[in-house]
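In what follows, a single structure is set out as structure tokens and then discussed.
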């Protein structure tokens, strides 16, 4: 977080994390589309995020302007260094899980990767604002929410079901992570 008390501005970094092709970029693109904004994006030929996607969102809280920079990380293991670089300075994380049964183990593994990525910068996943998004709820092999909660949400964090390609759950996820980040910020001020 970057605070400019003279201008009454606070800048936060929110990172969409998770396995490859889970829907991280789709979330950020849908948010941008609804606001008529462009996303700064770097993709490979397979349309996977190579470096990151970037979009900013602003809110007014009291006499402060809060800016939230939304980033995504590449989910492929070969881009570990890039993913870890993007994670530097993250104030909050949206973990995008693919709801299909065949990806359940990969989701679990990537939650461990997230904890490791945060630890590199002295952050504990237990103290970091985190929202889980259970994406691709429209798939025929989508695991029931109760199973996802049991297997992925061991920290009892807010979770949102979604179908990001249709824009379902995208705004709810964003609003939830913003609320969690602001709550953490307020607790630091006390």
Query raised in the report: Name the pairs: first residue in segment 145-157 and at positive phi and without any contact (Cβ under 8 Å) to a residue 24 or more places away in the chain, second residue part of a helix (DSSP H, G or I) and surrounded by 11 or more Cβ atoms within 10 Å (Cβ to Cβ), Cβ to Cβ under 9 Å, at least 6 apart or on different chains?
Result: 156/149
Report summary line: Checked segment 110-136 for anything surrounded by fewer than 14 Cβ atoms within 10 Å (Cβ to Cβ) and closer than 15 Å to residue 181 by Cβ; matches are 127
Query raised in the report: Checking residue 180 against (1) under 27 Å from residue 58 (Cα atoms); (2) out of contact with any helix residue (DSSP H, G or I) (no Cβ under 6 Å at 6 or more places or on another chain); (3) at pLDDT 95 or above; (4) in a loop (DSSP other than H, G, I, E, B), which test does it fail?
Result: (4)
Query raised in the report: Only one of (1) part of a helix (DSSP H, G or I); (2) surrounded by fewer than 20 Cβ atoms within 10 Å (Cβ to Cβ); (3) at pLDDT 95 or above is not met by residue 107, so which one is it?
Result: (2)
**Report entry** Which listed residue is modelled with pLDDT of 85 or more and closer than 23 Å to residue 152 by Cβ, from 17, 77
**Finding:** 17
Report task. Could you check, for segment 40-57, whether at least one of its residues is modelled with pLDDT of 85 or more, more than 21 Å from residue 95 (Cβ to Cβ) and surrounded by fewer than 20 Cβ atoms within 10 Å (Cβ to Cβ)? Result -> no
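The values are calculated or read from the model by the stated rules, or taken from the named source; none is laboratory data. This is a predicted model, so every value here is computed, not measured. So basically every Cβ, Gly included, is an ideal-geometry build from the backbone, and we count neighbours across all protein chains shown.
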